[in-house]
1. Once a ≥ b ≥ c are taken as the square roots of the eigenvalues of the Cα gyration tensor of chain B, is the result rounded (a/c under 1.5), prolate (a/b larger than b/c) or oblate (a/b not larger than b/c)?
2. Where in chain B lies the longest segment free of trypsin sites (Lys or Arg not before Pro) that are both loop residues by DSSP (not H, G, I, E, B) and have at most 12 other Cβ atoms within 10 Å?
3. How big is the protein assembly as shown in terms of Cα radius of gyration and Dmax, in angstroms?
4. Go through B:Tyr47, B:Gln37, B:Leu13 and say which Cα lies farthest out towards the positive end of the charge dipole of region B:3-73; charges sit on Cβ, +1 for Lys and Arg, -1 for Asp and Glu.
5. For the protein assembly as shown, with only Lys/Arg (+1) and Asp/Glu (-1) charged at the beta-carbon, what is the dipole magnitude about the Cα centre, in debye rounded to 20?
6. Please get the size of the charge dipole for chain B, origin at its Cα centre, with Cβ charges of +1 on Lys and Arg and -1 on Asp and Glu, quoted in debye to the nearest 20.
7. Over the whole of B:39-48, what's the average partner chain Cβ count within 10 Å per residue? Rounded to a whole number, please.
8. Check A:Ser85: other-chain or 5+ apart residues with amide H under 5 Å from its amide H, H built from backbone geometry?
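Rule-based calculations on the coordinates, nothing more; no lab input. Source: prediction; values computed, not measured. For neighbour counting, all protein chains shown are included, and Cβ atoms are generated from backbone atoms with ideal geometry for every residue, glycine included.
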Amino acid sequence: DQQVKQNSPSLSVQEGRISILNCDYTNSMFDYFLWYKKYPAEGPTFLISISSIKDKNEDGRFTVFLNKSAKHLSLHIVPSQPGDSAVYFCAASWSTARQLTFGSGTQLTVLP
Amino acid sequence: NAGVTQTPKFQVLKTGQSMTLQCAQDMNHNSMYWYRQDPGMGLRLIYYSASEGTTDKGEVPNGYNVSRLNKREFSLRLESAAPSQTSVYFCASTGTSGSYEQYFGPGTRLTVT
């Protein structure tokens, strides 16, 4: 029973355009959400996060949106660059546990 | 400042062999974690240690044991390896109280034949 779901295994986008990666969750206890980026043969690296008390968080080209009523979050990358090509994982946690539950990942390919 | 380091990078075992995966962090973090990553399944938590001297099971602990040797080091042991344990293993740590962001090591690719 996957509590965090990334339904798109892959996404291709043209350089300079917007990339939108989606994530859905089922556990209403989750109150903190994170996005990680992973290159081949490397560990995941933290990208951006959002608390459940917010609906948007921005960091440079990266913006995360949270829709709590729909239990949905998305990561927007604008403009997309070839170096953004990687696997993106969303993850969720709740206050007392602080463990992370990960989605299955989306492979983003940015075409030059 | 090396962050989170893991050894070895690669390992091939025969079914029934044992081995220990090593992890160390130099960020003075309290909490450490072991994950496995399998194709199409994301990262799944095996064991974690909220602080020195404590360990707890995660989502997929069967077949594994852990030791929090000190604040820096957290090892994962496979007592009798099985082909189902073929995976990439990641260690992670997290820092100050209240922090959710985990910092990951480069991973160990383990194959059990």
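1. prolate
2. Value returned for the longest uninterrupted segment is B:15-113.
3. According to the Cα coordinates of the protein assembly as shown, Rg and Dmax are 17.5, 51 Å.
4. Positive-end residue among those listed: B:Leu13.
5. The dipole of the protein assembly as shown has a size of about 220 debye.
6. Approximately 260 debye in magnitude.
7. On the way: counts 2, 3, 5, 15, 12, 2, 4, 0, 0, 4.
Per-residue shielding by partner chains comes out at 5.
8. Those lying under 5 Å, H to H, from A:Ser85 are A:Val110.
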